[in-house]
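Note sheet for the following structure.
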Amino acid sequence: GSHKHNLVPLGGEMTREDKIFQLAKGMRGRAKNCFRIAIRRVEKGLQHAYRSRRLKKRQARETWIMQVGAASNEHQLSYSRLIHGLQLANVGLDRRVLASLAQNEPYTFRAIVGEAKGALQRSILAEVGNAGYRAPADADAAG
């Protein structure tokens, strides 16, 4: 039937139908003005919106990781080693901040990479120091 869904009664609440048509504005074909079709399209549209709000966060993180990785490679350090080094150095910067620094403040980023490299080297030296000198494993069997 003909339904004037652009007019909400004065001072009245929106009916369920009004709300559906409100959400169906801008849809193609009968999805915007045929209630039974509009319900289905609006429902599906809300599902897409719900899913995409989560995807958006996932994709943003992927982008930050790519940017940080590219920037750390310029300093001869892989992304994974950078992140590990920052954990060792107790640098509490997240990937979003790192990506922003890599783009807008290269000197600051270089300093952060330096911190990570230093922490990695210290951890390697510490491991070597703790291990002391051990004879190769197969030397025991021969002896």
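Please give the number of the condition LYS44 fails out of (1) loosely packed, with under 11 Cβ neighbours inside 10 Å; (2) at pLDDT 95 or above; (3) of a type in the set (Lys, Arg).
With (1) loosely packed, with under 11 Cβ neighbours inside 10 Å; (2) at pLDDT 95 or above; (3) of a type in the set (Lys, Arg) applied to LYS44, the lone miss is (1).
Of all residues in the stretch 1-32, count the ones that are modelled with pLDDT under 85 and not in a loop (DSSP other than H, G, I, E, B).
0
Residues LEU55, LEU98, LEU82: which one is open to solvent by less than 90 Å² (accessible area, probe 1.4 Å), at pLDDT 90 or above, of a type in the set (A, V, I, L, M) and in contact with a Ser or Thr (Cβ under 7 Å, 6 or more places away or on another chain)?
The unique qualifying residue is LEU82.
The values are calculated or read from the model by the stated rules, or taken from the named source; none is laboratory data. Note that the coordinates shown come from a computational prediction; the quantities given were computed from them, not determined experimentally. As a convention, Cβ positions derive from the backbone with ideal geometry for all residues, glycine included, and neighbour counts pool all protein chains shown. For accessibility, only protein heavy atoms count, side chains too; no ligands or nucleic acids. Shrake-Rupley method; radii C 1.70, N 1.55, O 1.52, S 1.80 Å.
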